[in-house]
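The structure under discussion appears below in the form of structure tokens.
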């Protein structure tokens, strides 16, 4: 009996498996098809789209699954990349408005007050049938899902593909979370405002219970979701993080030892626009107000002296009382420096101090709504960044080489502040008082505190101390740029990510081939 006859006498399922393995091994590697599932928040959506663009620039076929309103926020970005010749597209699916108790058109956490943000998280479970159908229909080579979608690990297993987590926070935040949950350092601490050491980290770090997300120190519904996310992360191929080795590499050993999860550093992704066909298009760049804001910003900045302007922005989810906004306005004014201040549209203007706009007219610019933050931070007129320490803003501030005034207001932002102020000493705190991550307005940051912090990095009177902060910020920016350059640590991280997905599939095919051999 010859080999061909033996082959045809095998059961059909074995013949099919052997043929598939042989055909795949014989063919050259085809481009990977990756599907990306972002969370319903701009701070998660925009960097994941950036990562999809960068991967597309390296031959990956990227598809971003997004609900209509979230798709609208990044459509210009995706279209610009596609027009530049990249394989990237949006695939829309309906947002479960009725099921989650949200009105039509409210699909992003930035559109909700804090008391109702849980409805966005509730919506995630209702998206599962639709996303499972779409993934099954298109059967990509891998799915890159935000950590808020832990059940995508089950879908990936059914499809026989790897699931990869997108982590929207930094590595230090992961490590602190694990240490707090494992070691319970606040178990016997009575006061919320008492700072205690966080065990097992590679350097000393003190935090108060009030400075941590509530799910780390008490039982919450969101905490249960995060526990599911941690289990899904462990079963995934690994986690993509918008960071770089020279910034957070010190935490990798702890991460691997404690969690046994692979990490790919791929950032700062905001520095990769030229590679990924972004052409400077990020975020809401089609709304008329946003377009007008960009024009006003750039026109005004062009009239300012180099490194003279304080740029102040607190992201798309900041929630301040009128009293705090008033103090912020007075503090920026009292600093004596030109400032560009971005205020959320929802905040209105009733809080504005009497005569404020007249007093700062010409020397200052206050804008409501969206602005092109990355573009503004890189402008030669900007000399400092007042930030809420959201992870994207931290990376964008680091990339720009600007010293920062840190004003965390929630989530893991007090942890991020530690990197800026204590570890790399490229910024100063807006206030030295211990504040709250769950109630940003519990302790008011006074105007004098803010003015002092700005002055400490902008005023010539502070001499060597201020120059040292600015120099360290510039040096860290050089390391960030080197990380994304060809041969840099994040450049290698992206290549390793692609290679690891190929290897996963090759190992799967090899295992299938061995199973065929053993059956014979």
Next item on the list: All but one of (1) closer than 28 Å to residue 45 by Cα; (2) at pLDDT below 90; (3) buried (at least 18 other Cβ atoms within 10 Å of the Cβ) hold for residue 369, so report the exception by its number.
Entry: (3)
Next item on the list: For region 395-411, enumerate the residues that are farther than 17 Å from residue 341 by Cα and at pLDDT 95 or above.
Entry: 395, 398, 399, 400, 401
Check: Can you find even one residue in region 429-449 that is surrounded by 18 or more Cβ atoms within 10 Å (Cβ to Cβ), touching a residue at least 40 places away in the same chain (Cβ under 8 Å) and farther than 29 Å from residue 216 by Cβ?
Finding: yes
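Please tell me if residue 490 is in a helix (DSSP H, G or I) and in contact with a strand residue (DSSP E or B) (Cβ under 6 Å, 6 or more places away or on another chain).
Numbers: in a helix (DSSP H, G or I): yes; in contact with a strand residue (DSSP E or B) (Cβ under 6 Å, 6 or more places away or on another chain): yes.
In short, yes.
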Note to self: Among the residues that make up region 24-39, is at least one of them part of a helix (DSSP H, G or I), modelled with pLDDT of 60 or more, touching a strand residue (DSSP E or B) at 6+ places or on another chain (Cβ under 7 Å) and under 20 Å from residue 503 (Cβ atoms)?
What the structure shows: no
Item checked: Selection from region 77-88 of residues that are part of a loop (DSSP other than H, G, I, E, B) and surrounded by fewer than 21 Cβ atoms within 10 Å (Cβ to Cβ) -> 84, 85, 87
Check: When you look at residue 482, is it under 26 Å from residue 251 (Cβ atoms), part of a helix (DSSP H, G or I), in contact (Cβ under 8 Å) with a residue 12 or more places away in the chain and out of contact with any strand residue (DSSP E or B) (no Cβ under 8 Å at 6 or more places or on another chain), yes or no?
Finding: yes
Next item on the list: Could you run through region 372-383 and say how many residues are without any contact (Cβ under 8 Å) to a residue 40 or more places away in the chain and buried (at least 21 other Cβ atoms within 10 Å of the Cβ)?
Entry: 0
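Let me confirm something: among 405, 386, 310, which residue is in a strand (DSSP E or B) and either out of contact with any helix residue (DSSP H, G or I) (no Cβ under 6 Å at 6 or more places or on another chain) or free of Cβ contacts under 8 Å to residues at least 12 places away in the same chain (or both)?
Details: 405 fails: either out of contact with any helix residue (DSSP H, G or I) (no Cβ under 6 Å at 6 or more places or on another chain) or free of Cβ contacts under 8 Å to residues at least 12 places away in the same chain (or both); 310 fails: either out of contact with any helix residue (DSSP H, G or I) (no Cβ under 6 Å at 6 or more places or on another chain) or free of Cβ contacts under 8 Å to residues at least 12 places away in the same chain (or both).
Matching residue, one of 405, 386, 310: 386.
Going through region 262-291 one residue at a time, which ones are in a loop (DSSP other than H, G, I, E, B) and at pLDDT below 55?
Within region 262-291, the subset in a loop (DSSP other than H, G, I, E, B) is 262, 266-268, 277-287.
Result: 277, 278, 279, 280, 281, 284, 285.
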Next item on the list: Quick one: which residue in 65, 16, 55, 91 is modelled with pLDDT of 95 or more and either assigned to a loop (DSSP other than H, G, I, E, B) or loosely packed, with under 15 Cβ neighbours inside 10 Å (or both)?
Entry: 91
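Residue-wise test of (1) closer than 27 Å to residue 394 by Cα; (2) in contact with a helix residue (DSSP H, G or I) (Cβ under 8 Å, 6 or more places away or on another chain); (3) surrounded by fewer than 20 Cβ atoms within 10 Å (Cβ to Cβ).
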| position | (1), (2), (3) |
| --- | --- |
| 74 | yes, yes, no |
| 125 | no, no, yes |
| 139 | no, yes, yes |
| 151 | no, yes, yes |
Next item on the list: Could you tell me whether residue 323 is more than 28 Å from residue 76 (Cβ to Cβ) and loosely packed, with under 14 Cβ neighbours inside 10 Å?
Entry: yes
Next item on the list: Report, by residue number, each residue of region 105-123 that is surrounded by 18 or more Cβ atoms within 10 Å (Cβ to Cβ), more than 19 Å from the chain's Cα centre (by Cα) and outside any loop (DSSP other than H, G, I, E, B).
Entry: 123
Notebook entry, point to check: Can you tell which of 71, 98 is modelled with pLDDT under 95 and assigned to a helix (DSSP H, G or I)?
Noted result: 98
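Inside region 139-252, counting only helices (runs of 4 or more DSSP H) that do not spill past its ends, which hold 3 or more residues that are under 27 Å from residue 271 (Cβ atoms)? Full working, then the answer.
Details: elements: 152-159, 171-183, 221-235, 245-248.
Ranges flagged: 171-183, 245-248.
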Notebook entry, point to check: Does at least one position in region 353-364 carry a residue that is in contact with a helix residue (DSSP H, G or I) (Cβ under 9 Å, 6 or more places away or on another chain), crowded, with 17+ Cβ neighbours inside 10 Å and closer than 23 Å to residue 294 by Cβ?
Noted result: yes
Item checked: Filtered residues of region 442-476 (kept if over 23 Å from residue 328 (Cβ atoms) and either in contact with a helix residue (DSSP H, G or I) (Cβ under 6 Å, 6 or more places away or on another chain) or outside any helix (DSSP H, G or I) (or both)) -> 476
Check: Which one of these does residue 465 not meet: (1) over 21 Å from the mean Cα position of the chain (by Cα); (2) touching a residue at least 12 places away in the same chain (Cβ under 8 Å)?
Finding: (2)
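Within region 426-437, identify whether any single residue is in contact with a strand residue (DSSP E or B) (Cβ under 7 Å, 6 or more places away or on another chain) and closer than 22 Å to residue 482 by Cα, and answer yes or no. Don't jump to the end; show me each part of the working.
Initial filter on region 426-437 (in contact with a strand residue (DSSP E or B) (Cβ under 7 Å, 6 or more places away or on another chain)): 426-430, 434.
If we keep only those that are closer than 22 Å to residue 482 by Cα too, we end up with 426-427.
Yes, that holds for at least one residue.
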Note to self: Please go through (1) over 14 Å from the mean Cα position of the chain (by Cα); (2) surrounded by fewer than 24 Cβ atoms within 10 Å (Cβ to Cβ); (3) farther than 19 Å from residue 454 by Cβ for residue 415 and return the number of the only condition it doesn't satisfy.
What the structure shows: (2)
Checklist line | Criterion: closer than 23 Å to residue 258 by Cβ, exposed (fewer than 15 other Cβ atoms within 10 Å of the Cβ) and in contact with a strand residue (DSSP E or B) (Cβ under 9 Å, 6 or more places away or on another chain) - qualifying residue of 185, 162, 197, 202 | finding: 197
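The values are calculated or read from the model by the stated rules, or taken from the named source; none is laboratory data. What you are looking at is a predicted structure, and each value in this text was computed from that prediction instead of being measured. Here Cβ is always computed from backbone atoms with ideal geometry, including for glycine, and neighbour counts include all displayed protein chains.
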